[in-house]
Amino acid sequence: MNTMETMRLDKWLWCARFYKTRSLATEEIGKGRVTVNGQLAKPARDLRCGDTVALRQGPVARTVLVRGLSGARGPAPVAQQLYQETPDSIAAREKASEMRRLAPEPAATLQEGRPTKRDRREIDKVHKGSDWGSRWSASIDE
């Protein structure tokens, strides 16, 4: 870790491995999914040690305290030393994970889907036996 005083927010998010690319970090900041000390931020905002960053990674919301600044993206164990996740954030993330795990499978709620080949043949048998299939038009026969 370098002894820097400030660093761009988008670069720090990339170095701390919250986002895979710096442009993705910039995009997420632009969408308003990242705040610094409770305020919406821009990608070029200067970040200092001690700042609180709230961010969203897909469905996961995190709040972290900036512990260090690094000029280069390093391995994950080094990146994890750049921040400390707040206890509230850890608890909320674990609760959300548990809720997703216990949520019912959406496909299990479907009662009927597309008819199978057998179902389709049964439907065709019923329709061929009706009077409408033998007529050429909807006019009244004499």
**Request:** Please label the shape of the range 35-82 as rounded, prolate or oblate, based on the square roots a ≥ b ≥ c of the eigenvalues of the alpha-carbon gyration tensor (a/c under 1.5 means rounded; beyond that, a/b larger than b/c means prolate, else oblate).
**Result:** oblate
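Sort 11, 125 by heavy-atom solvent-accessible area, probe 1.4 angstrom, most to least.
Working: 11 60, 125 135 Å².
Descending order: 125, 11.
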**Complete:** Rounded to one decimal in nm, the spacing of the 7 Å Cα→Cβ label points at residue 48 and residue 61 is 2.7
**Asked** Stretch residue 96-residue 37 to full length: gain in nm at 0.36 nm per residue minus the Cα-Cα span?
**Response** 18.9 nm
**Prompt:** In the range 1-58, which GluC sites (Glu not before Pro) are in a loop and have at most 11 other Cβ atoms within 10 Å, using DSSP for the loop call?
**Reply:** 5
**Given charges at beta-carbon only (K, R positive; D, E negative), |dipole| of the range 1-103 in Debye** = 300
**Prompt:** Tell me which aspartates and glutamates have Cα within less than 15 Å of residue 31's Cα, excluding those fewer than 8 residues away on the same chain?
**Reply:** 10
**Request:** Diagonalise the Cα gyration tensor of the range 22-105 and give the resulting equivalent ellipsoid semi-axes, square root of 5 times each eigenvalue, largest first, whole Å.
**Result:** 24, 16, 13
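The values are calculated or read from the model by the stated rules, or taken from the named source; none is laboratory data. All of these numbers come straight from a predicted model, not from anything done at the bench. Backbone-built Cβ (ideal geometry, glycine too); neighbour counts: all protein chains shown. Please note that ligands, DNA and RNA were not included when accessible areas were found on the heavy atoms of the full protein model with its side chains. Shrake-Rupley method; radii C 1.70, N 1.55, O 1.52, S 1.80 Å.
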